[in-house]
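Worksheet for the structure shown next.
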Amino acid sequence: MNFIETELEGCFIIEPKLIYDGRGYFMESFNERIFREKTGTDTHFVQDNQSFSSKGVLRGLHYQTGDHVQAKLVRVLQGEVLDVAVDLRPGSPTFGKHADVILSAENQRQFFVPRGFAHGFLVLSETATFFYKCDNFYNKESEGGIMYNDPDINIDWQFNPANLIISEKDQFLDNLANARKIW
């Protein structure tokens with residue numbers, strides 16, 4: 001596996017090694033020992049989640065607060081998404097900055113979003129199946145969120161805003177300045 005650190009400290013794009021033969025391919029999608037060595041974290045995943053969405057669905061930007069903050073290791077099993085992480089760590093030199101990556105079934109890339117970040121994604125293909133590991137259990141009372149189009153973050157979603165499909169809840173999230181603090 002190739003670990004590429006983004007401009008946001010602790011946030012990695014992970015490229016697996018694919019081994020092809022006449023039957024298709026094989027890849028190791030996760031190895032805790034290698035993951036810890038390459039990221040320098042002691043992350044232990046406790047929950048796996050999966051979603052299916054149509055083209056134009058934007059989910060995010062979400063995070064958990066306090067004792068329920070989560071690190072996520074995300075990937076696409078089918079389709080293609082633009083995946084985004086926003087640094088919310090107080091005092092971080094990259095607070096409010098974001099990193100993005102195209103994740104697809106074709107490129108098999110993964111994105112590690114450490115604790116202290118908001119996360120979201122936009123489906124670029126007709127449909128997408130999105131899979132992610134979390135290192136902490138979901139807690140409804142600890143939910144936080146930031147508007148996808150916050151001008152202070154300035155994410156280029158590479159998609160016509162008129163064609164976005166956004167949940168009612170996500171349409172009323174705070175901007176970065178007024179968002180719930182991560183911890």
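Binning at 5 Å from 0, report for the range 5-63 what percent of all alpha-carbon pair distances ends up in each bin.
Calculated P(r), rounded to whole percents: 4, 11, 15, 18, 20, 19, 10, 3, 0.
Based on Cα positions only, what radius of gyration and what Dmax would you give for the chain, in angstroms?
16.0, 54
With θ set to phi - 60° and the Karplus curve 6.51 cos²θ - 1.76 cosθ + 1.60, what are the ³J(HN,Hα) couplings of the range 33-44 in order, to the nearest whole Hz, using x for Gly and Pro?
4, 5, 4, 5, 4, 7, 8, x, 10, 10, 6, 10
What net charge is computed for the residues neighbouring Tyr132, neighbours being all others with C-beta under 9 Å from the C-beta of Tyr132, Lys and Arg scored +1, Asp and Glu -1?
+2
How far, in nm, would the chain grow between Arg36 and Ser125 when pulled straight, counting 0.36 nm per residue and subtracting the alpha carbon separation?
Contour length minus the Cα-Cα distance gives 28.9 nm.
How do 24-34, 86-96 rank on mean C-beta neighbours within 10 Å, highest first?
86-96, 24-34
Report relative contact order for the chain in percent, whole number only (criteria: Cα-Cα under 8 Å, sequence separation at least 6).
29
Would you mind ranking Arg109, Arg75, Arg180, Arg23 so that the residue whose beta carbon has the fewest other beta carbons within 10 Å leads the list?
With the sparsest Cβ surroundings first, the list reads Arg23, Arg180, Arg109, Arg75.
Positive end of the dipole of the range 24-113, charges at C-beta (+1 Lys, Arg; -1 Asp, Glu), about the Cα centre: which of Val101, His68, Phe112 has its Cα farthest in that direction?
Towards the positive end, the residue furthest out is Val101.
Report, in whole Å, the centroid distance computed from the Cα atoms of the range 125-145 and the range 43-110.
Going from one Cα centre to the other spans 8 Å.
Using the Karplus equation 6.51 cos²θ - 1.76 cosθ + 1.60 (θ = phi - 60°), what ³J(HN,Hα) coupling, rounded to whole Hz, does each residue of the range 125-133 give in order, writing x for Gly and Pro?
Working through the residues one at a time gives 8, 4, 8, 8, 10, 10, 10, 8, 9 Hz.
Take Tyr148, Tyr63, Tyr138, Tyr20 and order them by how many other Cβ atoms sit within 10 Å, fewest up front.
Least to most surrounded, the residues fall as Tyr20, Tyr138, Tyr148, Tyr63.
Taking neighbour Cβ counts within 10 Å as the exposure measure, how do Asp152, Asp83, Asp21, Asp170 sort from fewest upward?
Asp21, Asp152, Asp170, Asp83
All of the numbers you see were taken from the coordinates with simple rules; none came from a lab. Here the structure is a predicted model, which is why all the values come from computation and not from measurement. All Cβ positions, glycine included, derive from the backbone under ideal geometry; neighbour counts span all protein chains shown.
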